[in-house]
1. What list of ³J(HN,Hα) values in whole Hz, one per residue of segment 190-196 in order, does the Karplus curve 6.51 cos²θ - 1.76 cosθ + 1.60 (θ = phi - 60°) give from phi, with Gly and Pro shown as x?
2. With label points built 7 Å along Cα→Cβ from the Cα atoms of Lys140 and Arg20, find their separation and express it in nm.
3. Suppose the chain between Arg211 and Gln257 were pulled fully straight at 0.36 nm per residue; how much longer would it get relative to their current alpha carbon spacing?
4. For Trp62 paired with Glu76, estimate the spin-label separation in nm (one decimal), with each label point 7 Å from Cα along the Cα-to-Cβ line.
5. Compare Asn227, Asn207, Asn63 in a GNM of the chain, Cα atoms joined below 10 Å, and give the one with the largest fluctuation.
6. Skipping prolines and chain starts, which residues have an amide H placed within reach, meaning under 5 Å, of the one on His219, given they are 5 or more residues away or on another chain?
7. List, in order, the whole-Hz ³J(HN,Hα) value for each residue of segment 125-132 obtained from phi through the Karplus relation with A = 6.51, B = -1.76, C = 1.60 and θ = phi - 60°; use x for Gly and Pro.
8. Check cross-link reach from Lys121 to the lysines: straight Cα distance under 25 Å, and skip same-chain residues fewer than eight apart.
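The values are calculated or read from the model by the stated rules, or taken from the named source; none is laboratory data. Computed from a predicted model, the values in this text were never measured in an experiment. Neighbour counts are summed over all protein chains in view; Cβ atoms, including those assigned to glycine, are modelled from backbone coordinates with ideal geometry. Side chains are part of the model used for accessible areas, which takes the heavy atoms of the whole protein and leaves out ligands, DNA and RNA. Shrake-Rupley method; radii C 1.70, N 1.55, O 1.52, S 1.80 Å.
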Amino acid sequence: MKIATYNVNGVNGRLPVLLRWLSETSPDIVCLQELKAPQEKFPEQAIVDAGYNAIWHGQKSWNGVAILTKGLQINEIRRVLPGDPEDSHSRYIEAEIEGIIVGGLYLPNGNPAPGPKFDYKLAWFERLTLHAAGLLESGKPVVLTGDYNVMPTEKDVYKPERWTEDALFRPETRAAFKNLVDQGWTDALRKLYPDDTIYTFWDYFRNAYGRNAGLRIDHFLLSPALNKRLVAAGVDKQVRGWEKTSDHAPVWIELDQA
């Protein structure tokens, strides 16, 4: 089974890129972030025509998350991260697919830091960590994937000294990610490629993609049951070089059958 995550940076504006990538790579499950479309504007028919089922939680202009599956039933569990009934951002969606709990997330950016946006980011991280603990306690196979907006280590960022005050790399953010992982999750890409330079995002400015001046901010965290089944992982870096593409590249893992 192949599971992918992709921050599309506008699902309608990047639809040709998304459909081309789906056609060329055929992932079984896809988590999308930054739909930037209200609920009624999600391109459901185009996704169905491409052979995929979908559930989504849209939001006008910002955020938005979705889960797609190729011929697999999606049993939606929730579309809001628990812990803050006042939070109106569309940043989390969760479903059971083929016995696997799939949580797709778009963690807040948090800039400028310090400030209210950074406080929101850390509070969201706390809610995610609390919810993740419950998922681990269930004993079910779980994957938490998406755009975490955090570079966990200096290995995950080009010229880390330039990012020390950024919300994606501040010590509080990295500590929050480590605290989450230390519950018992496995960072899938780092398990298979502990020492490689791996990026999943390249800014549109200063020829960042051409210089490979990137960040690794899109992650797969696996519960112990799925960690045992992990056989491959990678980044479809070439997609970042396509015309009118997202500033993120799709990231994927492959699992053995249970």
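1. After applying 6.51 cos²θ - 1.76 cosθ + 1.60, I find 6, 5, 7, 10, x, 10, 7 Hz.
2. Between Lys140 and Arg20, the label points sit 3.7 nm apart.
3. Working: separation 46, 0.36 × 46 = 16.56 nm, distance 3.82 nm.
Full extension of this stretch gives 12.7 nm more.
4. Distance between the two pseudo-spin positions: 2.2 nm.
5. Asn207
6. Those qualifying (amide H under 5 Å, at least 5 residues apart or on another chain) are Gly146, Tyr148.
7. 4, 5, 5, 4, 5, 5, 5, 4
8. Result set, ordered by chain and number: Lys36, Lys60, Lys155, Lys159, Lys178.
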